[in-house]
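Chemist: After the structure tokens below, expect a handful of questions from me.
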Amino acid sequence: MSDPDGVRRGDEPLAHALKRAADAAGRAALPAPAALVAARGLRRRRRNLAAAAACAVCLLAGSGAALGLRLQ
């Protein structure tokens, strides 16, 4: 037999223990400082910009090389 919340009667002690553990872990967790999160975002933005610039250079160089080979 199941209760309306989907927990069987034999599983109630386990469910309560898991909920207590999750609650304790949630209270113990500390978020990262805002400065650290902002710095991480800035580094990621720089990496993305560098990757986009590298792709643009490769695209232009490849197009130039293909055009040069086609003209000869």
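The values are calculated or read from the model by the stated rules, or taken from the named source; none is laboratory data. Quick caveat: nothing in here was measured; it's all calculated off a predicted structure. Glycine gets a Cβ as well: all are built from the backbone with ideal geometry, and neighbour counts include every protein chain shown.
Chemist: Filter the stretch 22-63 for residues that are at pLDDT below 95 and part of a helix (DSSP H, G or I) and give the result.
Modeler: ALA22, ASP23, ALA24, ALA25, GLY26, ARG27, ALA28, listed by residue number.
Chemist: Could you tell me which of the residues GLY68, GLY6 is loosely packed, with under 10 Cβ neighbours inside 10 Å, at pLDDT 90 or above and either outside any helix (DSSP H, G or I) or not β-branched (Val, Ile, Thr) (or both)? Show your work before the answer.
Modeler: Values: GLY6 fails: at pLDDT 90 or above.
Answer to the check: GLY68.
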